[in-house]
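One structure is given below, encoded as structure tokens.
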Amino acid sequence: MRFEDRYSRQVLFPGIGAEGQAMLAQARVAIVGCGATGTCVAGLLARAGVGWLTIIDRDYVEPSNLQRQSLFDEADAAESLPKAVAAARKIAAFNSDVQVKPEVADLTPENAEALLAEAGLILDATDNFETRYLMNDFAVKHGNPWIYAAAVAAYAVTMNIIPDETACLTCMFPAPPEGTVETCDTSGILNSAVSLIGSIQATEAIKFLVGAKDKLRRTLLSFDVWGNEQAEIAASRPRADCQTCGRREFVHLAGERRPQITLCGRNSVQIHERSRPVDFAEMSTRLGAHGTVKHNNFVLKFWRDPYEMTLFPDGRAIIKGTNDTAVARSLYARFIGS
Ligand SMILES: [Zn+2]
């Protein structure tokens, strides 16, 4: 397919033009998280012709994702494909020119450098503040722009962060929210709220990538699509006393190693203790005596009532059926190894 044909309608738009299109083809973007927001923004940017996408996600596709995660289908869920891998396959089917690098991983202080260093722009499509503050630390430290986006229930919010020019995440929210935080698993989510915020995030990303910096929005923008409300808060200047961009204390990037994390309200625990590869064929044989096992090249699933364990090739596991990290840890030690 000819480059000119594929992007002809976008090149006609004066804000992009042939020059902007060529800039998009050279651009490198990292998308952190590939759930609802991630699939929306990755789909839009890949169709728009952004040349290089790194898609980072730790999870696998499940049937309950299909209501809103627009790059996945029933076959992906049946196979429990890692989301990053499923997204890369889907993008290759509609735009094989885009170089997609799927990274089946949790973004952590240890791997942030390796996973994000090449990206000229970082897009937040995560579901948790821990990772957002980590991204903010990395981005401010290295002077990389990033775009915050979040959605839950009918509410969606986004902000562009250009280090040293605009406010950063810590300027706006000095501390992560305390107490119970609403998540998609507890409050539900409208797919339209995600599409809206993903579309705005993709538009701002394209403005940045084609050099239309004067068009970038400099506010924290939020919508309630059900209640018909919207709000904008000025975010055009950094706060002088900000811990991250003012005092340059990168506490999240310097964070302690996190060996295990409870996933958001889903009755599941992630264990990430081993970083040596697991041989799925050998592990299948071993686990077969203790429950039902199924594996492909990307994940191994092991069912033992009432638990369901999903194991990744690097030894990481997601254990469903408990919120108790001690239970998850002992299951892991018993069946996978300590
Ligand atoms: Zn700041």
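The values are calculated or read from the model by the stated rules, or taken from the named source; none is laboratory data. Source: prediction; values computed, not measured. Because the Cβ atoms are built from the backbone with ideal geometry, glycine has one as well, and the counts that use them run over all protein chains shown. The accessibility values were calculated without ligands, DNA or RNA, using every heavy atom of the protein model including side chains. Shrake-Rupley method; radii C 1.70, N 1.55, O 1.52, S 1.80 Å.
Laid out as a table, the results:
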item: Links that overshoot a 29 Å alpha carbon limit, given the list Lys90/Lys320; Lys83/Lys207; Lys90/Lys213; result: Lys90/Lys213
item: Per-residue ³J(HN,Hα) for the stretch 230-241, Karplus 6.51 cos²θ - 1.76 cosθ + 1.60, θ = phi - 60°, Hz, x for Gly and Pro; result: 9, 8, 9, 10, 4, 9, 7, 10, x, 8, 4, 8
item: In order through the stretch 290-306: 3J(HN,Hα) via Karplus (6.51 cos²θ - 1.76 cosθ + 1.60), integer Hz, x for Gly, Pro; result: 10, x, 8, 10, 8, 8, 10, 5, 10, 9, 10, 10, 9, 9, 9, 3, x
item: Heavy-atom SASA rank of Glu103, Glu232 (probe 1.4 Å, accessible area, largest first); result: Glu232, Glu103
item: Long-range amide H partners of Asn144 with built H, under 5 Å; result: none
item: Around Ile206: net Lys/Arg minus Asp/Glu count, Cβ-Cβ under 15 Å; result: +4
item: Cα centroid separation - the stretch 64-121 against the stretch 275-306, whole Å; result: 23
item: 12 Å Cα-Cα reach of Lys215 towards aspartates and glutamates, excluding residues that sit fewer than 8 places from it in its own chain; result: Glu204
item: Folded to 0 to 90 degrees: helix 83-94 orientation relative to the chain principal axis, Cα; result: 50
item: Helical contribution to [θ] at 222 nm, DSSP H n ≥ 4, -39,500 (n - 2.57), averaged over the chain, rounded to 500; result: -9500 deg cm²/dmol
item: Residue order for His142, His272 - accessible surface, 1.4 angstrom probe, largest first; result: His142, His272
item: Under-5 Å amide H pairs with Arg304, H placed in peptide plane, nonlocal only; result: Met309
item: Area accessible to solvent at Glu182, 1.4 Å probe radius, in Å²; result: 120
item: Area of Phe94 that stays accessible when all protein chains are in place (1.4 Å probe, Å², to 10); result: 40
item: Fraction of accessible area attributable to carbon and sulfur, the stretch 53-196 (%, probe 1.4 Å); result: 51
item: Accessible surface, the stretch 129-244, averaged per residue in Å² (probe 1.4 Å); result: 44
item: Using θ = phi - 60° and Karplus 6.51 cos²θ - 1.76 cosθ + 1.60, couplings along the stretch 199-210 (whole Hz; Gly, Pro as x); result: 5, 5, 4, 5, 5, 5, 4, 5, 4, 4, 5, 9
item: DSSP-defined beta bridges in the chain - what % are antiparallel, rounded to 5; result: 70
item: For the chain, built as a Gaussian network whose Cα springs stay under 10 Å, the top-fluctuating residue of Val61, Val104, Val293; result: Val293
item: Spin-label pair Phe3/Arg218, simplified geometry with 7 Å Cα→Cβ offset, distance in nm; result: 3.4
item: Distance between the stretch 194-215 and the stretch 128-161 - C-alpha centres, whole angstrom; result: 14
item: Area accessible to solvent at Asp279, 1.4 Å probe radius, in Å²; result: 90
item: Solvent exposure, largest accessible area first (probe 1.4 Å, DNA, RNA and ligands not counted), of Arg334, Arg132; result: Arg334, Arg132
